[in-house]
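Q: Below is one structure. I have some questions about it.
The values are calculated or read from the model by the stated rules, or taken from the named source; none is laboratory data. The shown structure was predicted, so the numbers you read here are calculated from the model rather than taken from an experiment. Cβ atoms come from the backbone with ideal geometry, glycine included; neighbour counts cover every protein chain shown. Surface areas here come from the heavy atoms of the whole protein model, side chains and all, with no ligands, DNA or RNA. Shrake-Rupley method; radii C 1.70, N 1.55, O 1.52, S 1.80 Å.
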Amino acid sequence: MQKKPFRLILSAVILMLQGCAAQSHLVQDELETVTRENIKYYLYYPEGYFDSEDDFGLLLFLHGGGESGRDVEEIKDTGPPKMLVEGKQFPFLILAPQNSHAKKWWDTDAVVKLLDSVVDANRVDKNRIYLTGLSRGGSASWELATQYPEKFAAMAVVCGMTPLPYAHWIDKDMPIWVFHGDRDDVIDVEESDKMVEKLREMGRDVRYTRYQGVGHNAWGRAYTTDSLYTWFANKKRMN
């Protein structure tokens, strides 16, 4: 008869100890980290820049995964940098950084630090900063538009992808032009279909060029569309 209370007390002590042990694993602390990123890039100055005191617009171009972590020269194989090599002239500066990681997404915070540095060091109109990217760079463009909604005057995304909730975080007044091929077997065209549909439901200014019979290489057509650059040049943020 005397053992029962003892057992009850022992059981209660064990439960208390177990509770304390569980709580002892929850420790609050903090650690300050610093991440360094070495970004190589090309910067194009438009004709007349050095003969003028005017401020110019700037287009930030983000390449795809094929050029990531490789020779920086390969940036010139696609998009506006390729057109520059072929003799195309643009009415604004073009900043083309390289993603130095072959298997990682763009470090968008590092890209913005580079962008801000270039803007501060040159005669750039901060209300005429444009954004574009293809494939992995297109996805990073969507991300930048959500993280820095007040930075860009217009954005063009080529065969990129993004979560639909991002639509709510993009500046409602920023014009967007989306390009995608309906035969894309790397990033399904539905990624752009759904995002464009969502943005239009929200009343946003969105153009959509959906190429028939085109695969992942939609950038071959998108970046040779002359009206794209006229469209960019006519956009300006109204702060």
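Q: What pairs can you find where one residue is in segment 200-225 and among the acidic types (Asp, Glu), the other is assigned to a strand (DSSP E or B) and open to solvent by 30 Å² or more (accessible area, probe 1.4 Å), and their Cβ atoms are less than 8 Å apart, with a gap of 6+ or different chains?
A: Listed by first residue and then by second, the contacts come to nothing, as the list is empty.
Q: In segment 139-173, which residues are open to solvent by less than 10 Å² (accessible area, probe 1.4 Å) and touching an Asp or Glu at 6+ places or on another chain (Cβ under 8 Å)?
A: Ala145, Phe152, Cys159, Gly160
Q: Then there's this: Hey, does segment 174-189 have a residue that's open to solvent by less than 40 Å² (accessible area, probe 1.4 Å), of a type in the set (Asp, Glu) and at negative phi?
A: Yes, segment 174-189 contains at least one residue that is open to solvent by less than 40 Å² (accessible area, probe 1.4 Å), of a type in the set (Asp, Glu) and at negative phi.
Q: Here is a further query. Right, Met16: more than 30 Å from Val112 (Cβ to Cβ), at pLDDT below 90 and not in a loop (DSSP other than H, G, I, E, B) or not?
A: The answer is yes for Met16.
Q: Okay, moving on. Could you tell me whether any residue of segment 159-178 is in a helix (DSSP H, G or I) and closer than 15 Å to Leu58 by Cβ?
A: no
Q: I've got another one for you. Would you be able to tell me the number of residues in segment 37-73 that are in a loop (DSSP other than H, G, I, E, B) and under 21 Å from Ser135 (Cα atoms)?
A: Within segment 37-73, residues that are in a loop (DSSP other than H, G, I, E, B) and under 21 Å from Ser135 (Cα atoms) number 8.
Q: Please tell me if Arg207 is closer than 27 Å to Tyr148 by Cβ, open to solvent by 80 Å² or more (accessible area, probe 1.4 Å) and in a strand (DSSP E or B).
A: Answer is yes for this residue.
Q: Restricting attention to segment 78-108, which residues are surrounded by fewer than 14 Cβ atoms within 10 Å (Cβ to Cβ) and of a type in the set (Asp, Glu)?
A: Glu86
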